[in-house]
1. Looking only at region 163-174, how many residues end up being assigned to a helix (DSSP H, G or I) and closer than 11 Å to Leu229 by Cα?
2. Within the set of pairs 6+ apart or on separate chains, which have a first residue in region 127-144 that is among the hydroxyl-bearing types (Ser, Thr, Tyr), a second that is not in a helix (DSSP H, G or I), and C-beta atoms under 7 Å apart?
3. Does Thr109 satisfy the condition of being surrounded by 15 or more Cβ atoms within 10 Å (Cβ to Cβ), within 19 Å of the chain's Cα centre (by Cα) and touching a residue at least 12 places away in the same chain (Cβ under 8 Å)?
4. Return yes when Glu94 is part of a helix (DSSP H, G or I), more than 15 Å from the chain's Cα centre (by Cα) and among the acidic types (Asp, Glu) and no when it is not.
5. Among the residues of region 7-34, which ones are more than 23 Å from the chain's Cα centre (by Cα) and surrounded by 14 or more Cβ atoms within 10 Å (Cβ to Cβ)?
6. Taking region 168-209 as the region of interest, how many residues are on the phi > 0 side of the Ramachandran plot and without any contact (Cβ under 8 Å) to a residue 12 or more places away in the chain?
Amino acid sequence: MKLLSHLSPDGDGLPRPADARWLALGFDAWNEALALAQGDPASYLARSWSAAGAGRHLLASIFGNSPFLTGIAVKEWAFLTCLVERGPDALFDEIAGAVEKTEDGGEDTTALMRRLRIAKRRVALAAALAEIAGLWSLDQQTMTLSRFADAALGAALRHLLREAARKGFTELISADQPEQGSGLIVLGMGKLGGYELNYSSDIDLIILYDPAAARVTARDGVQSFFVRLTRDLVR
């Protein structure tokens with residue numbers, strides 16, 4: 001267990017649970033989730049690492065301090081087990097790499113939003129545990145959250161441009177990299193631009209367009225097209 005190998009079996013150095021009620025509710029929810037998954041081989045591994053020692057202290061640090069992370073940990077118990085087993089670096093690179101892929105997978109908007117929501121909560125859990133376990137510095141955590149936000153923004157923009165092209169509203173130079181030659185300019189400001197995002201940060205964007213470069217064919221014109229695309233982006 002790569003992540004647990006960095007922790008004391010007695011939980012020394014981990015945050016102490018601040019709320020006994022949250023702690024109890026968290027373990028109840030965890031045990032219920034594993035009971036429902038009985039028969040899944042991964043659930044046996046999850047029971048094993050979380051039953052005692054560093055694993056149990058790690059869960060206590062989550063459950064006793066953060067209902068937000070508790071909800072993710074319980075819902076994503078199988079991912080959390082992979083995280084404990086393999087460590088945060090490899091898993092984050094896999095998640096971010098999948099979001100950063102530019103190939104057109106043909107997914108609809110609902111599928112994309114679901115995929116990004118799952119990736120977002122997994123990144124949140126990985127970054128939190130990496131910091132709690134002392135594996136990542138604050139700079140590494142903010143860089144990680146910023147990289148994912150940038151990747152998710154890119155995935156959403158590529159999807160919207162492809163959808164617009166399918167509807168005949170614009171022409172693409174490349175289906176795999178629809179932003180190229182689209183005339184769309186997206187600037188990340190503030191903490192996103194500085195790669196300093198934290199859990200509570202908003203993403204500040206300036207969205208511009210170059211009418212000379214845009215290949216818009218929508219009847220209502222270039223300006224209306226990009227206004228509509230921007231509204232869909234922030235949905």
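1. So the first thing to find is which residues in region 163-174 are assigned to a helix (DSSP H, G or I), and the list is 163-166.
Retained after the next criterion (residues that are closer than 11 Å to Leu229 by Cα): 163-164.
Total meeting the criteria: 2.
2. These pairs meet every condition: Thr142/Tyr195; Thr142/Glu196; Thr142/Leu197; Thr142/Asn198.
3. Details: surrounded by 15 or more Cβ atoms within 10 Å (Cβ to Cβ): no; within 19 Å of the chain's Cα centre (by Cα): yes; touching a residue at least 12 places away in the same chain (Cβ under 8 Å): yes.
Considered against the rule, which asks whether it is surrounded by 15 or more Cβ atoms within 10 Å (Cβ to Cβ), within 19 Å of the chain's Cα centre (by Cα) and touching a residue at least 12 places away in the same chain (Cβ under 8 Å), Thr109 comes out as no.
4. Working: part of a helix (DSSP H, G or I): yes; more than 15 Å from the chain's Cα centre (by Cα): no; among the acidic types (Asp, Glu): yes.
Judged against the criteria, Glu94 is not a match.
5. Filtering region 7-34 down to residues more than 23 Å from the chain's Cα centre (by Cα) leaves 7-25, 27-28, 31-32, 34.
Passing the criteria: Leu7, Gly11, Leu14, Pro15, Pro17, Asp19, Trp22, Leu23, Leu25, Phe27, Leu34.
6. Looking only at region 168-209, we keep the residues that are on the phi > 0 side of the Ramachandran plot, and these are 168, 181, 183, 190, 195.
From the residues that got through so far, the ones that are without any contact (Cβ under 8 Å) to a residue 12 or more places away in the chain too are none.
Here the count works out to 0.
Each value in this text was obtained by applying a stated rule to the coordinates, not by laboratory testing. What you are looking at is a predicted structure, and each value in this text was computed from that prediction instead of being measured. Backbone-built Cβ (ideal geometry, glycine too); neighbour counts: all protein chains shown.
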